[in-house]
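Engineer: Have a look at this one before I ask anything.
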Amino acid sequence: MTLRLTALVISTLLAFNAQAKVKVGFLLSTLQEERYQKDKKYFEQEAKRLGADVVFYSSNNSERTQVKKMENLLMKGVDVVVVQPVNSNAASTLVEMAKEEKIPVIAYDRIINNADLDYYVTQDSKKVGQLQAEAAVKATGEKGNYIILSGQSGHSVAKAITAGVLEVLAKYPNIKVVVQKSHDSWSPRLAMATVENSLTKYKGKITAILANNSGMANGAVQGLLDYDAKLAGKVFVAGADADLASIKNLVKGVQQFEVLKDIKLLAETSAQLAVSIAKKEKINFETTAINNGRKAVPVVNTPVFAVTKSKIKKVIIGRGFHTQEAIYGAKK
């Protein structure tokens, strides 16, 4: 009788523990850029370390696909959803869907507007733009024709980075922004075309190109090389995300500046917050607030770091973002 009772208790406890394990939905806008493989990797690793299961989907930069993926997450019985919206405005629908099921929602990397959002975890995107512009101003002697390559229209991150750039450049009357353009899906190919067209229009007289991300910065470098290889290294180019291609461009001297938005910190912080919410634990993160048009949303910010060729060892390799071998090649 005692053995049977003990077995029953053990069985009940095992069943309870299995049920108690939380399930986190993680929905990214895309896996197109190199960085998003890191977002996925670090988020899943941290959630697993905390004892949670992750159900992951990518939306392929499609609002319609993202709605379908949210439906899938909810059907799989997730306890909380972390979502990077394809479009910050349209994604209010995603929050409504989750709230109908009483599921909390955390916006990841980009805000979701006009929605009953629970938290927003991001980097200081405006600071990214400010760092880019400050470096460009110094490098160009506070003058010249500038191009701003913005990300997809409707993205809060693209808007914030560009705002940071413009805020700084407004202080310098001898700097002229001759082109400011958004690019669907943050496309390097479209960014390259913008640069090539601008170089043609202004007869190569471009002083600086500030791109909202690494992919478009790489597109800018390719545009310079295609138009006139002598301009690559002469025209100041800045990006953000610290993709390997851009770090290698810093080494080559065809790009001058990057901003590391530490994906590991962002992903791990988001996973920690999500698991705490799912387990109904006390939230211990320091927060600010942002009004998303519906409410004041608590914001958890993670830091960003300026990267130049001389800082690669300390900032990129030292933080474990890329290895020395990946950047410089294996030692012979």
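The values are calculated or read from the model by the stated rules, or taken from the named source; none is laboratory data. Quick caveat: nothing in here was measured; it's all calculated off a predicted structure. With ideal geometry, Cβ positions are generated from the backbone for all residues, glycine too; neighbour counts draw on all protein chains shown.
Engineer: Quickly run through the range 123-139 and pick out the residues that are polar (S, T, N, Q) and at pLDDT 95 or above. Give the steps one after another, and end with the answer.
Structural biologist: Within the range 123-139, the subset polar (S, T, N, Q) is 123, 125, 130, 132.
Of everything in the range 123-139, those that are polar (S, T, N, Q) and at pLDDT 95 or above turn out to be Q130, Q132.
Engineer: Within the set of pairs 6+ apart or on separate chains, which have a first residue in the range 301-326 that is among the aromatic types (F, W, Y), a second that is surrounded by 12 or more Cβ atoms within 10 Å (Cβ to Cβ) and part of a loop (DSSP other than H, G, I, E, B), and C-beta atoms under 7 Å apart?
Structural biologist: These pairs meet every condition: F305/D262; F321/A242.
Engineer: Please list, ordered by first then second residue, the pairs with beta carbon atoms under 7 Å, 6 or more apart or interchain, first in the range 32-57 and closer than 12 Å to D241 by Cβ, second in a strand (DSSP E or B).
Structural biologist: What qualifies is Y36/L28; D39/L28.
Engineer: When you scan the range 172-183, do you find a residue that is out of contact with any Lys or Arg (no Cβ under 7 Å at 6 or more places or on another chain), surrounded by 23 or more Cβ atoms within 10 Å (Cβ to Cβ) and more than 14 Å from V259 (Cβ to Cβ), even just one?
Structural biologist: The initial filter retains those residues of the range 172-183 that are out of contact with any Lys or Arg (no Cβ under 7 Å at 6 or more places or on another chain), namely 172-173, 176-183.
Then drop every residue that is not surrounded by 23 or more Cβ atoms within 10 Å (Cβ to Cβ), which leaves 183.
Now narrow it down to the ones that are more than 14 Å from V259 (Cβ to Cβ): 183.
Yes: the range 172-183 contains one or more residues that are out of contact with any Lys or Arg (no Cβ under 7 Å at 6 or more places or on another chain), surrounded by 23 or more Cβ atoms within 10 Å (Cβ to Cβ) and more than 14 Å from V259 (Cβ to Cβ).
Engineer: Can you go through V178, V165, V105, V157 and tell me which one is in contact with a helix residue (DSSP H, G or I) (Cβ under 9 Å, 6 or more places away or on another chain), assigned by TED's automatic domain parsing to the domain that holds A211 and without any contact (Cβ under 8 Å) to a residue 40 or more places away in the chain?
Structural biologist: Details: V165 fails: without any contact (Cβ under 8 Å) to a residue 40 or more places away in the chain; V105 fails: assigned by TED's automatic domain parsing to the domain that holds A211; V157 fails: without any contact (Cβ under 8 Å) to a residue 40 or more places away in the chain.
Matching residue, one of V178, V165, V105, V157: V178.
Engineer: Same structure, new question: Can you give me the ranges of the strands (runs of 3 or more DSSP E) entirely in the range 233-324 with at least 3 residues that are in contact with a helix residue (DSSP H, G or I) (Cβ under 6 Å, 6 or more places away or on another chain) and either outside the structural domain of A160 (by TED's automatic domain parsing) or modelled with pLDDT of 95 or more (or both)?
Structural biologist: On the way: elements: 236-240, 257-261, 288-291, 296-302, 304-307.
Per the criteria, 236-240, 257-261, 304-307.
Engineer: Considering only residues that are under 30 Å from R64 (Cβ atoms), among the hydroxyl-bearing types (S, T, Y) and in a helix (DSSP H, G or I), look in the range 1-46 and name the one that is modelled with the lowest pLDDT.
Structural biologist: Per the stated criteria, the residue is Y36.
Engineer: Yes or no: the range 88-95 includes at least one residue that is of a type in the set (A, V, I, L, M) and assigned to a strand (DSSP E or B). Explain how you work it out, then say what you get.
Structural biologist: Going residue by residue through the range 88-95, those that are of a type in the set (A, V, I, L, M) are 90-91, 94-95.
Next cut, assigned to a strand (DSSP E or B) only: none.
Checking the range 88-95: not a single residue is of a type in the set (A, V, I, L, M) and assigned to a strand (DSSP E or B).
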